[in-house]
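Structure, as structure tokens:
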Amino acid sequence: MTFIDHVLEVPSYGWADSNGKLITPTLKQLWGEAFSRINIFQSKKKWIPFINWFTAICMVPFLYFFVVYYITWPLLLATVVYGMVIMSTHGTIWFHRYCTHRAYTFSHPVWRFITQNLVLRTFAEEVYVVSHHVHHLKSDKPGDPYNSNAGIMYCMLSDVNHQAIAKDLDEENFRKASHFLSHTGIPRNSFAQYLKWGSIASPGHTVALWALNWTFWYGVFFLIGGHGLACGLFTGALFWFVLVRAFNYTGHGGGKVKHVEGVDFDRSNMSINQNRPGFLSGEWHNNHHLYPESARAGFLPYQLDLAWIYIYGLYKIGGVSRFTDSKKQFLKRFGL
């Protein structure tokens with residue numbers, strides 16, 4: 001087995017059967033795995049999956065107060081825009097193109113910190129980054145942590161069921177996994193700390209940054225538009241945080257081959273370019289699978305890429321020192 005085959009914690013139902021075919025767990029198995037993975041009373045090493053769900057639960061009161069006391073059409077519009085455009089685009093900018101694929105480099109850590117905290121914090125970087133490297137190497141195959149062939153709930157519960165790193169890595173393989181986050185500015189555990197916490201990220205830093213980020217942004221939202229705007233934008237973040245889990249199901253055709261001629265050029269996997277995530281967050285997913293290290297994924301004339309606009313804009317003012325742009329390679333390769 002290679003490093004990438006065992007860097008993630010294998011679910012109790014396994015990735016593949018004895019014949020190498022994908023195991024599609026039942027709904028009962030998926031939920032059973034989920035509740036087992038967040039049981040911090042059983043082991044403190046389960047803190048990252050637990051914090052994923054705990055974060056969502058902490059957002060629910062904002063949803064309640066928004067719906068019961070503050071909802072208006074203008075605030076509802078702000079909520080939708082924040083969740084579907086701002087949160088979504090930030091996910092592409094930070095988690096996807098920078099943290100995972102290193103598609104660009106910041107000129108100073110201050111710009112990195114600002115970009116990291118441009119919106120409300122949700123996922124710990126570790127949850128997204130390590131598993132996404134596995135996803136690219138095993139797209140639509142057993143071991144892909146959000147394999148659309150196993151159904152939508154396989155993807156929806158992947159953050160707790162499939163995206164945590166293995167708890168039995170040796171020191172060399174832990175070092176390799178830790179290196180995935182070496183450029184992000186996240187304090188990383190030593191191997192001894194990993195043996196205690198089962199993670200690359202430090203729980204103390206993760207929780208402290210989360211609390212400070214939420215406090216800062218609630219204050220900013222309140223100063224702009226009172227408790228109504230603050231509760232509305234937290235609600236928008238909640239919906240993004242929950243629904244983004246479905247993206248790799250729809251973004252890989254819902255388990256079916258849905259490539260469109262002249263739109264989806266990478267046929268090595270089931271990824272497709274979708275207009276909604278493309279226009280709203282720059283996530284032209286089939287293009288991204290072709291050139292994962294590109295800071296731009298909107299290659300065709302109509303493919304608006306808000307994430308690229310932010311990255312390139314930051315480059316123009318000196319906040320980004322280097323980026324990879326694969327548009328010319330794409331156009332030349334496909335004669336466009």
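The values are calculated or read from the model by the stated rules, or taken from the named source; none is laboratory data. If you're wondering where the values come from, they're calculated on a predicted model, not measured in any experiment. Using ideal geometry, Cβ is built from the backbone for each residue, glycine included, and neighbour counts are taken over all protein chains shown.
Things worth noting here:
- Within the range 64-100, the set of residues being closer than 17 Å to W214 by Cα and over 22 Å from the mean Cα position of the chain (by Cα) comprises F65, F66.
- Candidates in the range 2-30 are the residues that are over 25 Å from D170 (Cβ atoms) and in contact with a strand residue (DSSP E or B) (Cβ under 8 Å, 6 or more places away or on another chain); of these, the one that is surrounded by the most Cβ atoms within 10 Å (Cβ to Cβ) is L22.
- Residue list for the range 269-301, restricted to those being out of contact with any Asp or Glu (no Cβ under 7 Å at 6 or more places or on another chain), part of a loop (DSSP other than H, G, I, E, B) and in contact (Cβ under 8 Å) with a residue 60 or more places away in the chain: S271, E283, P292, E293
- Residues (in a helix (DSSP H, G or I) and either basic (K, R) or touching a residue at least 40 places away in the same chain (Cβ under 8 Å) (or both)) located in the range 72-85: L75, L76, A78, T79, V80, V81, Y82, G83, M84, V85
- The range 157-174, subset touching a residue at least 12 places away in the same chain (Cβ under 8 Å) and surrounded by fewer than 20 Cβ atoms within 10 Å (Cβ to Cβ), residue nearest to W197 (Cα to Cα): K167
- Against the criterion of being closer than 26 Å to F113 by Cα, buried (at least 17 other Cβ atoms within 10 Å of the Cβ) and at pLDDT 95 or above, N273 does not qualify.
- Selection from the range 31-55 of residues that are loosely packed, with under 15 Cβ neighbours inside 10 Å and touching a residue at least 60 places away in the same chain (Cβ under 8 Å): W31, S43, K44
- Checking each residue in the range 226-235 for being under 29 Å from H162 (Cβ atoms) and either surrounded by fewer than 17 Cβ atoms within 10 Å (Cβ to Cβ) or at pLDDT below 95 (or both) picks out no residue at all.
- Qualifying residue in the range 108-128 (condition: in a loop (DSSP other than H, G, I, E, B), in contact with a helix residue (DSSP H, G or I) (Cβ under 8 Å, 6 or more places away or on another chain) and of a type in the set (F, W, Y)): yes
- Options Y64, Y69: the member that is part of a helix (DSSP H, G or I) and in contact (Cβ under 8 Å) with a residue 12 or more places away in the chain: Y69
- Within the range 212-225, being without any contact (Cβ under 8 Å) to a residue 12 or more places away in the chain and either buried (at least 19 other Cβ atoms within 10 Å of the Cβ) or on the phi > 0 side of the Ramachandran plot (or both) holds for no residue.
- Top-ranked residue in the range 103-134 [being small (G, A, S) and within 17 Å of the chain's Cα centre (by Cα); ranked as modelled with the lowest pLDDT]: A124
- The condition (being among the aliphatic types (A, V, I, L, M), within 21 Å of the chain's Cα centre (by Cα), farther than 24 Å from K141 by Cβ and crowded, with 22+ Cβ neighbours inside 10 Å) is satisfied by just one residue among L181, L243, L238, L209: L238.
- Matching entry among H108, H90 (being closer than 30 Å to S326 by Cβ and crowded, with 20+ Cβ neighbours inside 10 Å): H90
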